[in-house]
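Working notes, beginning with the structure itself.
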Amino acid sequence: SAVISQKPSRDICQRGTSLTIQCQVDSQVTMMFWYRQQPGQSLTLIATANQGSEATYESGFVIDKFPISRPNLTFSTLTVSNMSPEDSSIYLCSVEGYRVAHEQFFGPGTRLTVL
Amino acid sequence: DAKTTQPTSMDCAEGRAANLPCNHSTISGNEYVYWYRQIHSQGPQYIIHGLKNNETNEMASLIITEDRKSSTLILPHATLRDTAVYYCIVRVGGSYGKLTFGQGTILTVHP
């Protein structure tokens, strides 16, 4: 199984600022995923990040708002830019596992509150 | 990926079996049924998956109907720590990529 850590675990930010969330995996993985979970809601995929290529964004999410970096096979960052209160959510990264075909492992999440 | 329908919430007594249903009537032949759960303030956790045969692992059993239009996740001896949101997800086998989460079932295990 993959062990995933995220930093920060939580943050409170002011409107108009940006926050970069880090995701570190203890093994090399090809695909990493970023999800958002708004208060009281289910998870929604933001984008898929492969090392060495541009991230692929889901409908409703754009690179200018959620730029993603994937510099190597164990690390990724998601930036939430020009934040508004509507961006208050839990942001989670995940990776595809190998113990069970296509099982995904999730990080603990970053709880973001925008004032 | 096919759409799934789950009850919004269920209750279960500690020590009893918890049976969580999921309807996926539009499932295709190459789509698997996955179950994940999310305990409060944690990331989702994989539980089990299957194609058409019943499956069992150390966490749970998955019963898939013969026509594959519905399934049931069984936690044989529920504990208080099993209180979580349970998500039933249908996804094409052999595919990598996103999981489409519905609203899931809030399972509350009470003493």
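So B:Asp11 ticks every box in (1) within 13 Å of chain A (Cβ to nearest Cβ); (2) open to solvent by 80 Å² or more (accessible area, probe 1.4 Å); (3) in a strand (DSSP E or B) but one. Which box is left unticked?
Here B:Asp11 clears every test but (1).
Please specify each residue of the range A:1-35 satisfying the condition of being away from chain B (no Cβ under 14 Å), open to solvent by less than 60 Å² (accessible area, probe 1.4 Å) and in a loop (DSSP other than H, G, I, E, B).
A:Pro8, A:Gly16, A:Thr17, A:Ser27
Can you pull out the residues in the range B:78-104 that are at pLDDT 95 or above and not polar (S, T, N, Q)?
If the condition is that a residue be at pLDDT 95 or above and not polar (S, T, N, Q), then B:Ala78, B:Leu80, B:Arg81, B:Asp82, B:Ala84, B:Val85, B:Tyr86, B:Tyr87, B:Cys88, B:Gly104 are the ones that fit.
Right, A:Ser88: away from every other protein chain (no Cβ under 14 Å) and more than 20 Å from B:His40 (Cα to Cα) or not?
Taking the combined requirement at face value, the residue does not satisfy it.
Against the definition (free of Cβ contacts under 8 Å to residues at least 24 places away in the same chain and within 27 Å of B:Gly104 (Cβ to Cβ)), how does A:Gln104 come out, yes or no?
No.
Condition check: in contact with a His (Cβ under 7 Å, 6 or more places away or on another chain) and at the interface with another protein chain (Cβ under 8 Å from one of its Cβ atoms). Does A:Glu103 satisfy that?
In short, no.
Could you list, in sequence order, the residues of the range B:31-41 that are within 20 Å of B:Thr8 (Cα to Cα) and surrounded by 15 or more Cβ atoms within 10 Å (Cβ to Cβ)? Lay out the reasoning, then the answer.
Step one: filter the range B:31-41 for residues within 20 Å of B:Thr8 (Cα to Cα), giving B:33-41.
Matches in the range B:31-41: B:Val33, B:Tyr34, B:Trp35, B:Tyr36, B:Arg37, B:Gln38.
Here are some conditions: (1) buried (at least 21 other Cβ atoms within 10 Å of the Cβ); (2) more than 14 Å from the chain's Cα centre (by Cα). B:Cys22 meets all but one. Which one does it not meet?
The number of the failed condition is (2).
For every residue, the table says whether it meets (1) among the charged types (D, E, K, R); (2) within 14 Å of chain A (Cβ to nearest Cβ); (3) surrounded by fewer than 16 Cβ atoms within 10 Å (Cβ to Cβ).
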position	(1), (2), (3)
B:Arg16	yes, no, yes
B:Ile48	no, yes, no
B:Asp67	yes, no, yes
B:Ser70	no, no, no
B:Pro76	no, no, yes
B:Arg91	yes, yes, no
B:Val109	no, no, no
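Output the residue which, of all residues in the range A:36-68 that are in a strand (DSSP E or B) and within 10 Å of the chain's Cα centre (by Cα), is nearest to the other protein chains (Cβ to nearest Cβ).
Checking each candidate, the answer is A:Leu45.
The values are calculated or read from the model by the stated rules, or taken from the named source; none is laboratory data. What you see is a predicted model; the values in this text were computed from it and never measured. All Cβ positions, glycine included, derive from the backbone under ideal geometry; neighbour counts span all protein chains shown. Surface areas here come from the heavy atoms of the whole protein model, side chains and all, with no ligands, DNA or RNA. Shrake-Rupley method; radii C 1.70, N 1.55, O 1.52, S 1.80 Å.
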